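Read the structure below first, then the notes.
The values are calculated or read from the model by the stated rules, or taken from the named source; none is laboratory data. None of these values were measured; they are calculated from a predicted model. Methodologically, a virtual Cβ is constructed for each residue, glycine included, from the backbone with ideal geometry; neighbour enumeration extends over all protein chains shown. Keep in mind that these areas ignore ligands, DNA and RNA; they rest on the heavy atoms of the full protein, side chains included. Shrake-Rupley method; radii C 1.70, N 1.55, O 1.52, S 1.80 Å.
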Amino acid sequence: MTQALTTTATHAINPLREGMRTERTPEPCVMVIFGATGDLTHRKLIPALYNLAIERHLPANFNVIGFARRPLTDEQFRGSLVESINQFSRRRPIMPEAKEQFTQTIHFISSDFQNPEGYQRLADLLGRLDQEQGTQGNRLFYLATNPSDYPVIIENLGASGLARPQKAGSSAWSRIIVEKPIGHDLNSAQELNETIAQVFRENQVFRIDHYLGKETVQNILVFRFANSIFEPLWNRRYIDHIQMTVSEELGVEGRGPYYEHSGTIRDMVQNHMMQLLSLVCMEPPINFEANSVRDEKVKVLRAIAPLDTDDVVQRTVRGQYGAGVIFGKPVKGYREEERVDPNSVTDTFVAIKLFVENWRWAGVPIYLRTGKRLPKRMTEVALQFKAAPHRLFPQTNIEPSVLTLQIQPNDGISMRFGAKVPGQAMQIRPVTMDFRFGQSFGNVATDAYERLILDALLGDSTLFARRDEVEQAWTIVNSITNGWNYLMTPNFPNYESGTWGPKEADDFIEKDGRRWRRL
Amino acid sequence: MTDNTNIKMFGSGTGTINNDSLQQIIEQGQAHNIALEDIEKGITALWQATDMTRQADSEPAVMRACVLNLVICTETDEELEQATNSIARLTWTYPSRSIVLLSKPNDPEEEITAWISAHCQMPDPKGRKVCCEQITIEGRGTGAERISSMVLPLLVSDLPVTLWWRYDLGSQLNLFQHLFETADRLVVDSRLFKKPTTSFKQLADLAESTQHKVSISDLNWTRLTPWRSAISQFFDNTSFLPYLYTVDKLEIEYEAPYDFEQPNFSEALLLVGWFAKVLNWKPAFALKVRGSNASLIINRGGQPLNIEFHGHNERKDELGGITSLRIYSSLPNENREAVFTLTLADDLEHAHSKIEENGQIVSTFSALLPLRDVTNLMHEELSMVGGDSLFEGALVYASKFGDNGSQV
């Protein structure tokens, strides 16, 4: 990642870019957004592009083409984007001067995704922009549509020749960002990846997981590999177990149909939690180039054996929220949510125990816990250390030391250890040493989409998932969902909104002589 | 607790600290006078007592944070106030122990006095209040010569020391030398220099003499960051890149004083120093100054390159600031010539850029070029870990432009 800061093609050829403090600027290019009238485009992509433009991270002749079914003119499309910027940009409202400049670089093509004629118009427009704006044949395609539209778009990009540089031997590039979910299970993920591979080479493909764009997730690597004090302890010899929690107080928020199809295990575990787990457990890469980092991450996933049915019984708990109270407000149960089957058996909570079977982690349980309508929004990874080998202070109960990587909301790192309570008696009490990013670096406004779009424009795929990572994560998740298919569905709903999940989740860890952290 | 700590109230006699005065330090940022030998003890007492200022156990504790030692020299009460305001804002991003020296050598009194105060911020409404301390030391009369001795014992161990020096390097030489010896980083603002090229030369020599172990920064270079970025954008387009190597003429407009006061070219000189460093231009003839205008001839690979500086009188508050830049370049073999123009917009937030090729406008865009005060500039400087070799290279060139010519 860090190396990529200084090794873009633009910087190599423009000597004025050397040693520039303002960070990386990509080469002139066009970004084509499929699904340009959708929620993701309006809430995330366009505000991110506007912020990048206003902060001079984009090249002067950067252009955006929206591609969607709705019959809009350029002007209508631009108007709707201005509204999105005014509503969702962290630099809102749009600056009058920038409005003119930014929106003039945005274009719209109205077409069905199946219609080859739409892709011809896209090719014509791209050709014209190359001529007029000097965008040099560089394109970034962004799939912000319903996942069911991905194959047809990819096939049409291939058929129209847009997936490959236009001139043989030119340095022009063509890349594609694919939003999650990448498939619904291993088979469909492999199928989609195969469709992509028929048109794009793997180094052109950027599978986005916005969790990886978060500063604190990236900082896991810095914390582990830029400091020599933690890594020697980061193994089975000193770590008793690891707990990963991704909790949300929100329910499905109108996404009932999507959630009915995915459930928590597909929505959170297959992507975000597997990515976190691989960053926490990976071996040091030989350098910070994209494939070196991703090679190590995928090794972790390969070291997790798929669960058989007995494992699924012993090592997983699923739950679904019922009605309850959160922050003083009564909330509905999952089955009462809009567009959700009143008899739904979809999981909204999952707890899983996994083992990374390699030299470093053999025998160390990794407990994952994620769910909706839990008491608060929180993402953290806690490494609990083993007890001291000899009880020197038998008269006092010593809590284990814990190192916690807090991802959100209060991103930082904290260490809990025992200290003597001042006084005549030998009493030991746990104390916490906290580091908060906000306290040492201030509140730096960063947005995961800004970071990741910029990385894709620069061709840095370190923070994107590779095909083998995605498929390996599906292999693990598939083994669990297959096991569930053979088992009786629990008596849903089995936890009250505003609690930390079903009682079985507590039993499940307590039978190992451990307990969930109180968050 | 702190009930019997020897802390004096601001401007009053020795008193004892109590919860009210602690509240004033933490909540209101008030400064409290303290005996010199008790400064460290007073600060320790202050942080031990922060817990007392909480309204209830449920309220998050106050957090003391410190990532660097920041030493600032001032000469007047007004400068002290400016420094204090800057520190209060810098603590958002760079919590530090700040030591502010107020030197008044001409004061009839001969005394050294000290105050401690706290700057507290709440980074997150639900989070802890983050506080850091400011120690202010005032030296009057001969006391001014001795205040530098207060700095070394007050530095927080093992944290880098940044010296923010606001004057020409020749002034208060003793004090500067003492402080510079303890510093890992020196930050100056050449816009405030009375003799920029002389001070540039001293700065370049200083960097050389420490073998670049002390990082040197100039806030005027920081002001150039967005200009350099916007200029670079012209040449990101490969079709315009060849023009960069065949520049014939450079025109820079800057804010000059209304009257016939000495203009300060330092920002413009650093910009030219940057071009020279990156494009291997060599000084040919020394800078010639005519009122608020000046000219310089550079050797660009054996070809003369004219650089003109034009003074404008638009704004009093940004004297020395660049307002416009024009690069003239030609590619005779291809019958192409171009003018690259970057002009600060009236809103002082943007710059308009324009590329004209063979008399036709081929590209226009506007770049964000916000007017930044010194605290914003300091933020950018502190974000740099280690030195900026590009600046040091540009500085060496800028220091040579005045050679054999008139001093500006």
From the set of residues in the stretch A:402-439 that are in contact with a Ser or Thr (Cβ under 6 Å, 6 or more places away or on another chain) and buried (at least 19 other Cβ atoms within 10 Å of the Cβ), which is farthest from B:TRP92 (Cα to Cα)? A:ARG416
When the stretch A:355-384 is checked residue by residue, the ones that are of a type in the set (A, V, I, L, M, F, W, C) and crowded, with 16+ Cβ neighbours inside 10 Å are A:PHE355, A:VAL356, A:TRP361, A:VAL364, A:ILE366, A:LEU368, A:LEU374, A:MET378, A:VAL381, A:ALA382, A:LEU383
With the requirement that a residue be polar (S, T, N, Q) and either at pLDDT 90 or above or under 25 Å from B:VAL67 (Cα atoms) (or both), what does the stretch B:374-406 give you? B:THR375, B:ASN376, B:SER383, B:SER389
So which residues in the stretch A:126-166 are of a type in the set (D, E, K, R) and within 14 Å of chain B (Cβ to nearest Cβ), if there are any at all? A:ASP130, A:GLU132
If we scan the stretch A:385-401, do we find a residue that is out of contact with any helix residue (DSSP H, G or I) (no Cβ under 6 Å at 6 or more places or on another chain) and open to solvent by less than 10 Å² (accessible area, probe 1.4 Å)? no
Do we find that B:SER209 is within 18 Å of B:GLY386 (Cα to Cα), more than 14 Å from every other protein chain (Cβ to nearest Cβ) and of a type in the set (Gly, Ala, Ser) in this structure? yes
Does B:GLU181 count as in a helix (DSSP H, G or I), open to solvent by 40 Å² or more (accessible area, probe 1.4 Å) and more than 30 Å from A:ARG377 (Cα to Cα)? yes
Output the residues belonging to the stretch B:119-145 that are outside any loop (DSSP other than H, G, I, E, B) and modelled with pLDDT of 85 or more. B:GLU133, B:GLN134, B:ILE135, B:THR136, B:ILE137, B:GLU138, B:GLY139, B:ARG140, B:GLY143, B:ALA144
Would you say B:ALA276 is within 14 Å of B:LYS400 (Cβ to Cβ) and surrounded by 16 or more Cβ atoms within 10 Å (Cβ to Cβ)? yes
Search the stretch B:152-175 for residues being crowded, with 22+ Cβ neighbours inside 10 Å and modelled with pLDDT under 90, and hand back the single one that is farthest from the chain's Cα centre (by Cα). B:LEU175
Looking only at the stretch A:364-390, and only at residues there that are in a strand (DSSP E or B) and aliphatic (A, V, I, L, M), the one that is nearest to A:GLU336 (Cα to Cα): A:MET378
Need a quick list: strands (runs of 3 or more DSSP E) entirely within the stretch A:87-204 having at least 2 residues that are touching a residue at least 60 places away in the same chain (Cβ under 8 Å). A:139-143, A:174-178
For residues in the stretch A:311-326 being within 27 Å of the chain's Cα centre (by Cα) and β-branched (Val, Ile, Thr), which is surrounded by the most Cβ atoms within 10 Å (Cβ to Cβ)? A:THR316
Counting only residues that are in contact with a Gly (Cβ under 9 Å, 6 or more places away or on another chain) and part of a loop (DSSP other than H, G, I, E, B), which one in the stretch B:214-241 is nearest to B:SER383 (Cα to Cα)? B:VAL214
Of everything in the stretch A:46-77, what is within 14 Å of another protein chain (Cβ to nearest Cβ), among the polar types (S, T, N, Q) and either under 12 Å from A:THR103 (Cβ atoms) or outside any helix (DSSP H, G or I) (or both)? Give them in sequence order. A:ASN61, A:ASN63
Confirm whether A:MET268 is among the aliphatic types (A, V, I, L, M), open to solvent by 10 Å² or more (accessible area, probe 1.4 Å) and in contact (Cβ under 8 Å) with a residue 12 or more places away in the chain. yes
So which of A:GLU260, A:GLU338 ends up being touching a residue at least 40 places away in the same chain (Cβ under 8 Å) and in a loop (DSSP other than H, G, I, E, B)? A:GLU338
Can you find, within the stretch B:63-103, the residue that is farthest from the chain's Cα centre (by Cα) among those that are within 14 Å of chain A (Cβ to nearest Cβ) and assigned to a loop (DSSP other than H, G, I, E, B)? B:ALA65
Where residues in the stretch B:236-250 are buried (at least 20 other Cβ atoms within 10 Å of the Cβ) and of a type outside the set (S, T, N, Q), which of them is nearest to B:ILE307 (Cα to Cα)? B:LEU250
Among the residues of the stretch A:449-468, is any open to solvent by 50 Å² or more (accessible area, probe 1.4 Å) and within 30 Å of B:MET384 (Cβ to Cβ)? yes
Given the conditions (1) in contact (Cβ under 8 Å) with a residue 24 or more places away in the chain; (2) in contact with a Ser or Thr (Cβ under 9 Å, 6 or more places away or on another chain), every one holds for B:VAL339 apart from (1)
Restricting the search to the stretch A:271-284, which residues are in a loop (DSSP other than H, G, I, E, B) and open to solvent by less than 20 Å² (accessible area, probe 1.4 Å)? A:MET282
Output the residues belonging to the stretch B:340-365 that are outside any strand (DSSP E or B) and either among the small types (Gly, Ala, Ser) or facing chain A (nearest Cβ under 9 Å) (or both). B:ALA345, B:ASP347, B:GLU349, B:GLY359
I'm trying to understand the selection: among the residues of the stretch B:366-379, which are farther than 23 Å from B:THR343 by Cα and within 12 Å of chain A (Cβ to nearest Cβ)? B:HIS379
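Residue-wise test of (1) modelled with pLDDT of 85 or more; (2) not hydrophobic (A, V, I, L, M, F, W, C).
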residue	(1), (2)
B:GLU251	yes, yes
B:TYR258	no, yes
B:PRO263	no, yes
B:PHE275	yes, no
B:LEU279	yes, no
B:ASN293	yes, yes
B:PRO304	yes, yes
B:HIS310	yes, yes
B:GLU314	no, yes
Kindly indicate whether any position in the stretch B:163-170 is basic (Lys, Arg), under 26 Å from B:ILE43 (Cβ atoms), in contact (Cβ under 8 Å) with a residue 60 or more places away in the chain and not in a helix (DSSP H, G or I). yes
